[in-house]
Amino acid sequence: MTTDTRIEDWDSYSAALRERGKEFSQLHPELIKGFGALSRGAATTQHLDAKTREFIALAVAVTTRCEGCIDAHVRKAKAAGATKAEIAEALGVAVALNAGAALTYSFHALDAMDGAGQG
């Protein structure tokens, strides 16, 4: 049995996240204020333009598997003028990094195999 995990309606998904965010903000307002300050601080840069920041954010969103982040940063990237081809190239970096991370951690697994049961 296969399950389709695609989000079919990103606008509805985004609206639902905003509603949950409002609820969470009422439950823990200081946390949300802090998150907002962190986000504003990260968006205040002198050397990176908005589109470049969004490419980085999308790559991180994909590697951390955050659908809400993907939604938010695709919207921001489009607003900053990013094309689908540019986004695909940025996501290619995320794919390569994940492969590199898996390779590096494979070395740790081999090290563990070599060291297991020796002390």
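Scanning the stretch 24-56 for residues that are surrounded by fewer than 10 Cβ atoms within 10 Å (Cβ to Cβ) and of a type in the set (D, E, K, R), which turns out nearest to GLU86 (Cα to Cα)?
Quick first cut of the stretch 24-56, residues surrounded by fewer than 10 Cβ atoms within 10 Å (Cβ to Cβ) only: 26-27, 30, 40-41, 44, 46-47.
Subsequent filtering for residues that are of a type in the set (D, E, K, R) retains 30, 40.
Details: GLU30: 36, ARG40: 24 Å.
Top of the filtered list is ARG40.
I need every pair where a residue in the stretch 95-119 that is closer than 22 Å to ARG65 by Cβ has its Cβ under 7 Å from the Cβ of a residue that is not aromatic (Phe, Trp, Tyr), sequence separation at least 6 or different chains.
LEU97/THR63; ASN98/THR63
Among the residues of the stretch 26-47, is any among the aliphatic types (A, V, I, L, M), within 17 Å of the chain's Cα centre (by Cα), modelled with pLDDT under 95 and over 27 Å from ALA101 (Cβ atoms)?
So in the stretch 26-47, the residues among the aliphatic types (A, V, I, L, M) come out as 27, 31-32, 37-38, 42-43.
Still in the list and also within 17 Å of the chain's Cα centre (by Cα): 38, 42-43.
From what is left, the residues that are modelled with pLDDT under 95 are 38, 42-43.
Within this subset, residues satisfying the condition of being over 27 Å from ALA101 (Cβ atoms) are none.
No, every residue in the stretch 26-47 fails to be among the aliphatic types (A, V, I, L, M), within 17 Å of the chain's Cα centre (by Cα), modelled with pLDDT under 95 and over 27 Å from ALA101 (Cβ atoms).
State all residues of the stretch 5-61 that are outside any helix (DSSP H, G or I), touching a residue at least 12 places away in the same chain (Cβ under 8 Å) and within 21 Å of GLU89 (Cα to Cα); if no residue qualifies, say none. Break it down into steps so the answer makes sense when it comes.
Filtering the stretch 5-61 down to residues outside any helix (DSSP H, G or I) leaves 5-9, 28, 44-49.
With touching a residue at least 12 places away in the same chain (Cβ under 8 Å) added as a condition, the list becomes 7, 49.
The answer is ASP49, and nothing else.
Would you check if there is a residue in the stretch 53-75 being among the hydroxyl-bearing types (Ser, Thr, Tyr), touching a helix residue (DSSP H, G or I) at 6+ places or on another chain (Cβ under 9 Å) and modelled with pLDDT under 95?
Filtering the stretch 53-75 for residues among the hydroxyl-bearing types (Ser, Thr, Tyr) gives 63-64.
This time we only want the ones that are touching a helix residue (DSSP H, G or I) at 6+ places or on another chain (Cβ under 9 Å), so: 63.
From the residues that got through so far, the ones that are modelled with pLDDT under 95 too are 63.
Taking every residue of the stretch 53-75 in turn, at least one turns out to be among the hydroxyl-bearing types (Ser, Thr, Tyr), touching a helix residue (DSSP H, G or I) at 6+ places or on another chain (Cβ under 9 Å) and modelled with pLDDT under 95.
For the stretch 64-119, give me the residue count where each residue is polar (S, T, N, Q) and within 27 Å of ARG18 (Cβ to Cβ). If you could, list the steps in order and put the result at the bottom.
First pass over the stretch 64-119, keeping only residues polar (S, T, N, Q): 64, 83, 98, 104, 106, 118.
With within 27 Å of ARG18 (Cβ to Cβ) added as a condition, the list becomes 64, 83.
Result for the stretch 64-119: 2.
If you check GLY117, GLY81, GLY100, which single one turns out to be more than 23 Å from ALA43 (Cα to Cα), small (Gly, Ala, Ser) and in a loop (DSSP other than H, G, I, E, B)?
Details: GLY81 fails: more than 23 Å from ALA43 (Cα to Cα); GLY100 fails: in a loop (DSSP other than H, G, I, E, B).
Exactly one residue qualifies, and that residue is GLY117.
Does GLY81 satisfy the criteria of being more than 15 Å from the chain's Cα centre (by Cα), under 30 Å from ARG6 (Cα atoms), surrounded by 11 or more Cβ atoms within 10 Å (Cβ to Cβ) and modelled with pLDDT of 95 or more? Step through it out loud before you land on a result.
Values: more than 15 Å from the chain's Cα centre (by Cα): yes; under 30 Å from ARG6 (Cα atoms): yes; surrounded by 11 or more Cβ atoms within 10 Å (Cβ to Cβ): yes; modelled with pLDDT of 95 or more: yes.
So GLY81 fits the description; yes.
I'm told ALA88 meets every condition in (1) over 20 Å from SER14 (Cα atoms); (2) surrounded by 15 or more Cβ atoms within 10 Å (Cβ to Cβ); (3) not polar (S, T, N, Q) except one. Can you identify the failing condition by its number?
(2)
The values are calculated or read from the model by the stated rules, or taken from the named source; none is laboratory data. Note that this is a predicted model, so its numbers are computed, not measured. Every residue, glycine among them, receives a Cβ derived from its backbone with ideal geometry; neighbour counts consider all protein chains shown.
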